[in-house]
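Take a look at the structure set out below.
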């Protein structure tokens with residue numbers, strides 16, 4: 001360890017529980033953080049500060065103005081930029097002694113195993129059930145420890161899965177059909193910061209071998225009551241037997257349908273009454289647009305009646321993530337002729 005590293009991490013070196021040996025472990029560790037949103041931002045910042053040697057961040061979405069209330073890695077100037085790239089830029093400035101790699105794409109059944117195989121620890125900061133099951137199942141198949149967090153309104157949850165004989169995410173939620181519909185909800189701005197810090201703490205403990213991990217436990221934090229509760233979580237050995245990845249096809253009962261830009265052009269020629277809806281923020285639409293009606297996602301979720309249900313609908317955003325959420329929401333409201341533009345405006349040739 002260099003003199004600069006010893007000075008930067010001196011407060012860790014002074015802790016007998018971590019010390020030089022623990023800091024060296026952090027330096028040798030490769031961590032994959034899935035999601036650079038509310039949870040991913042504080043996880044990334046604190047793991048970067050702690051000296052994790054290699055941190056990869058994966059997120060196919062772009063920064064929206066509505067993200068800035070809680071996603072503190074980003075500024076107004078980042079709106080419209082790929083989240084992974086914007087996060088990596090800030091993190092490299094924070095700690096140039098480590099390696100930060102950005103991946104502006106989403107995990108799928110096809111790429112998850114190859115991707116996750118190269119890391120020592122996986123952190124799930126995603127915001128949808130399909131990704132959570134997918135990440136869990138890939139980690140089980142590859143025997144990778146998984147640090148998990150989730151937030152909803154005023155409540156955060158944290159656990160550590162797949163450590164030894166400990167439980168997996170499927171031990172917490174065995175049946176995807178019991179989960180609530182895939183729709184966005186409000187969240188207190190500071191909540192993901194608190195929850196993300198707790199997740200980063202578990203990563204550091206896991207890597208250095210200190211303290212008691214939240215394996216076999218679910219920590220629940222309520223910001224309104226300022227209360228912490230820890231619940232025992234039993235492991236079901238059956239959930240360790242996973243033969244293939246199909247999480248993305250099995251979680252949400254209502255399928256999210258996507259079409260390519262070429263398919264959209266064909267539909268437009270066949271259905272002149274087709275509604276094209278842009279769910280980005282006005283600042284993004286001002287830079288580049290495919291036309292149609294601008295209804296930011298938060299507004300659409302509050303007022304779905306702004307869209308006619310009796311006409312075919314194509315929804316687009318920057319990368320396809322927000323439009324998928326919009327489709328999920330509208331399908332749950334009874335809309336049947338609604339699809340998302342695959343890859344968003346980023347996939348449309350200039």
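Out of every Cα-Cα pair that region 51-115 contains, those further apart than 18 angstrom amount to 41 percent. Relative to the longest principal axis of the Cα atoms of the chain, helix 261-270 runs at roughly 20 degrees. Here 4, 194 are placed in order of increasing Cβ neighbour count within 10 Å, fewest first, which gives 4, 194.
Length gained on full extension, residue 271 to residue 303, computed as 0.36 nm times the residue gap minus the Cα-Cα distance: 9.1 nm. Counted by neighbouring Cβ atoms within 10 Å, the residues 199, 321, 1 run from fewest to most as 1, 321, 199.
Based on C-alpha pairs under 8 angstrom that are at least 6 apart in sequence, region 3-249 has a relative contact order of 21 percent.
In what sequence, highest mean first, do 123-131, 295-303 appear when ranked by Cβ atoms within 10 angstrom?
Put in order of decreasing packing, that is 123-131, 295-303.
Cα centroid separation, region 115-175 to region 292-350: 28 Å. Ranked by how many other Cβ atoms sit within 10 Å of their own Cβ, fewest first, the residues 41, 171 fall in the order 171, 41.
Using a Gaussian network model of the chain in which every pair of alpha carbons under 10 angstrom is joined by a spring, one finds that among 200, 286, 87 the greatest mean-square fluctuation is at 286.
Computed from Cα atoms, the angle from the helix 129-142 axis to the main principal axis of the chain rounds to 40 degrees.
Bear in mind that the values in this text are calculations on the coordinates, not laboratory data. Worth saying up front: this structure is predicted, and the values here are computed from it rather than measured. Reconstructed Cβ throughout: ideal geometry from the backbone, glycine too, with neighbour counts over all protein chains shown.
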